[in-house]
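Participant: Got a structure for you, questions after.
What follows is calculated from the coordinates using simple rules that are stated; it is not laboratory data. Since the model is a prediction, treat every value here as computed from it, not as a measurement. We place every Cβ from the backbone using ideal geometry, glycine too, and count neighbours over all the protein chains shown.
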Amino acid sequence: MSFRTAPLAVVHDVDKSTLLTPELRAEIDRHVGKYPPEWKQSAVMPALTLVQEHNGGWLTQDLMDQVAAYLDMPEVAVYEVATFYAMYDLEPVGRHKICVCNSISCMLGGAEALLEHVEARHGVAPGETSKDGKFTLKEFECLGACRHAPVVMVDQEYHECVTRDGIDKIISKLD
Amino acid sequence: MVDHQDTVCFRTMRLRPKIRHTLKAYRSVGGYVQWERILREKPSPETLIEEIKLSALRGRGGAGFPTGLKWSFMPRNKPGQKYIVCNSDEGEPGTCKDRDIMRYNPHQLIEGMAIAGYCIGATVGYNYIRGEFYEPIDRFEEALLEAYQAGLLGKDLQGSGIDFDLYTHLGAGAYICGEETALLESLEGKKGQPRFKPPFPAQAGLYGKPTTINNTESLASVPVILEKGGQWFLEQGRPNNGGPKLFSVTGHVNKPCNVEVPLGTPFRDLLALAGGVSGGRRLKAVIPGGSSVPVVPGEVMMETDMDYDSIAKAGSMLGSGAVIIMAEGTCMVKVLANLAHFYAHESCGQCTPCREGTGWLERVLERILHGQGRPSDLDLLDNVAGRIGGRTICALGDAAAMPVQSFLKHYRHEFEHLIEHGTPLVEAA
């Protein structure tokens, strides 16, 4: 919680054209344009999401520092955001992320059995990455698609009413 | 179910699935007629707010606060920027209605936000959508583009001198951002930790400016209220409980679904619309308004109507309209342990009673569930829950405490059995 009405802007001593990539900067600029000019930091969440996607699904400290410099934010303010929200990963992950919803409707719909199945069949427990680096398995809190329980989010796509066979097929189709 | 001519948020649902989210489809059901009328005639915002008050539309996100009253708190004539923010951070376990509004009827949300902006004097709006909603985000963005191209959003709209710009803001996975002041912090690029109130957002909200935050379904209801009149909307429901409402019926039912039904519909009819309890089982318990509200025994629910006041009388809350059905054979200790895990995971960590208390609740419930409970544990749970409720900045603490107290009240014997015998009284769900 903050009582400030202005952002704690910190201009870094760096040439912004050396940060990230031109494509990422253009994408981030599109988000920055939505907010008042002095509130560039409003774009920090979409910026981190874009940078993470570009980096194979996880964020390094160097990348977070570059986002901070690009948005005129103190580094620690970026770390706070990156560690607070569940969609950011700060450790290396597999090529794909499989997120199984574990909240009440999905639990009643058999999400637990699904997780046990993946562990038994594929040897990957929640929080782990498969040995071939294909996927990281995550338990996720409510994905907001409860009428299709159990729901599994694979990268950017929701899969609905997923059965054990269904998750096997999903995994086999991933590259 | 609501007859198709009386649908509100699901007005486009009867159209062809491939096109129902488009501008053309929305126009075919009367879309943007109200916004264009406002641009043409510039009615006084007061009369529009009076119409919303008359409709008895209550906030659909969970709190049930009257929308018209909320809008009237805005210092509309005060100079300076003001904002309208839509809360599409849908994440209350059991709730999946706003996702479908954005997938199937995104233009109605845009029109509702534009009208809300006009009423409260805001020329800029943000729709805060949870980051996991890739498909709804794409649909909403496509609709925004269409609306801009059609001259329905932007500056000096249709020569009226009225400006309204609308943007999508992406979340990144945090239940707490559904709390309106946490959402504002998140929009400002910070951790989503709720603000102390007062000041309320109508005085100092986004970037310190006057701001109104409404739920997706509330805002999407607005164009139809103006089209058919506040009185019509009120009559669809009950006094003080205006309109139809979307209910997400999930859990142990044959046909989990989102349905739009008039407020005041008997629960047993809603259950029938969802195909009844799955497997031909008996109804055991219902959480009638999302995971944060007290659980109600099945036999009580069967005699209750689905509106804010009736559910309050049954000892719970309508909340977000997420109706979670549990059949006989469901282990209530396991269900409560699941809920406790959720709140412990999602506590933002700002207030000690919630940060520490939700962890205690989770750990004690886990040990009971795994047959390691102690006879004193039920008093401990009650005690911890009692020390969270009412002692935190936001309602997440209360949301974590309320289920504990209600589960212990109605299903205490299941907890006692597990503590005494080390195995559940009923088979696990």
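Participant: In the stretch B:138-176, what residues are at the interface with chain A (Cβ under 10 Å from one of its Cβ atoms), touching a Gly at 6+ places or on another chain (Cβ under 8 Å) and not in a strand (DSSP E or B)?
Facilitator: B:171, B:172, B:173, B:174, B:175, B:176
Participant: Please specify each residue of the stretch A:127-160 satisfying the condition of being more than 16 Å from residue B:98 (Cα to Cα) and either hydroxyl-bearing (Ser, Thr, Tyr) or out of contact with any helix residue (DSSP H, G or I) (no Cβ under 8 Å at 6 or more places or on another chain) (or both). Break it down into steps so the answer makes sense when it comes.
Facilitator: So the first thing to find is which residues in the stretch A:127-160 are more than 16 Å from residue B:98 (Cα to Cα), and the list is A:127-141, A:149-157, A:159-160.
Matches in the stretch A:127-160: A:127, A:128, A:129, A:130, A:131, A:132, A:133, A:136, A:138, A:140, A:153, A:155.
Participant: Follow-up. Considering each residue of the stretch B:85-127, count those that are more than 10 Å from chain A (Cβ to nearest Cβ) and not in a helix (DSSP H, G or I), and give that number.
Facilitator: Here the count works out to 9.
Participant: Given the condition of a type in the set (Gly, Ala, Ser), free of Cβ contacts under 8 Å to residues at least 24 places away in the same chain, within 11 Å of chain B (Cβ to nearest Cβ) and on the phi > 0 side of the Ramachandran plot, answer yes or no: does some residue in the stretch A:106-129 qualify?
Facilitator: No, the stretch A:106-129 contains no residue that is of a type in the set (Gly, Ala, Ser), free of Cβ contacts under 8 Å to residues at least 24 places away in the same chain, within 11 Å of chain B (Cβ to nearest Cβ) and on the phi > 0 side of the Ramachandran plot.
Participant: So, in the stretch A:145-163, exactly how many residues are surrounded by 15 or more Cβ atoms within 10 Å (Cβ to Cβ) and not in a loop (DSSP other than H, G, I, E, B)?
Facilitator: 8
Participant: Right, next: Among the listed residues B:221, B:248, B:186, which satisfies the condition of being buried (at least 24 other Cβ atoms within 10 Å of the Cβ), of a type in the set (Ser, Thr, Tyr), over 30 Å from residue A:80 (Cα atoms) and facing chain A (nearest Cβ under 9 Å)?
Facilitator: One residue alone meets the criteria, B:248.
Participant: Could we say that residue B:152 is under 28 Å from residue B:346 (Cα atoms) and touching a Phe, Trp or Tyr at 6+ places or on another chain (Cβ under 9 Å) here?
Facilitator: For residue B:152, the condition - under 28 Å from residue B:346 (Cα atoms) and touching a Phe, Trp or Tyr at 6+ places or on another chain (Cβ under 9 Å) - is not met.
Participant: Considering only helices (runs of 4 or more DSSP H) fully contained in the stretch B:1-77, which possess at least 1 residues that are of a type in the set (Gly, Ala, Ser) and out of contact with any strand residue (DSSP E or B) (no Cβ under 7 Å at 6 or more places or on another chain)?
Facilitator: B:23-28, B:45-55, B:67-72
Participant: May I pose another question? List pairs: first residue in the stretch B:195-207 and over 21 Å from residue B:392 (Cβ atoms) and at the interface with chain A (Cβ under 10 Å from one of its Cβ atoms), second residue among the aliphatic types (A, V, I, L, M) and assigned to a helix (DSSP H, G or I) anywhere in the structure, Cβ distance under 7 angstrom, at least six positions apart or on different chains.
Facilitator: Cβ pairs passing all conditions: B:206/B:184; B:206/B:187.
Participant: Confirm whether residue B:181 is under 25 Å from residue B:394 (Cβ atoms), assigned to a strand (DSSP E or B) and touching a residue at least 12 places away in the same chain (Cβ under 8 Å).
Facilitator: So residue B:181 does not fit the description; no.
Participant: Also, I was wondering about something else. Return the total of residues in the stretch A:81-125 being buried (at least 17 other Cβ atoms within 10 Å of the Cβ) and charged (D, E, K, R).
Facilitator: Of the residues in the stretch A:81-125, 3 are buried (at least 17 other Cβ atoms within 10 Å of the Cβ) and charged (D, E, K, R).
Participant: Ok, one more. Among the residues that make up the stretch A:130-137, is at least one of them within 14 Å of chain B (Cβ to nearest Cβ), of a type in the set (Phe, Trp, Tyr) and under 21 Å from the mean Cα position of the chain (by Cα)?
Facilitator: Checked against the condition, which is being within 14 Å of chain B (Cβ to nearest Cβ), of a type in the set (Phe, Trp, Tyr) and under 21 Å from the mean Cα position of the chain (by Cα), the stretch A:130-137 yields no hits at all.
Participant: Would you pick out the residues in the stretch B:283-318 that are within 13 Å of chain A (Cβ to nearest Cβ) and out of contact with any helix residue (DSSP H, G or I) (no Cβ under 6 Å at 6 or more places or on another chain)?
Facilitator: B:287, B:289, B:290, B:293
Participant: Every residue in the stretch A:50-68 that is part of a helix (DSSP H, G or I) and either over 22 Å from residue B:187 (Cβ atoms) or of a type in the set (S, T, N, Q) (or both), please.
Facilitator: A:52, A:54, A:61, A:62, A:63, A:65, A:66
Participant: Let me ask another. Assess whether residue A:26 counts as being assigned to a loop (DSSP other than H, G, I, E, B) and over 16 Å from the mean Cα position of the chain (by Cα). Steps first, please.
Facilitator: Numbers: assigned to a loop (DSSP other than H, G, I, E, B): no; over 16 Å from the mean Cα position of the chain (by Cα): yes.
No; evaluated as a whole, the condition is false for this residue.
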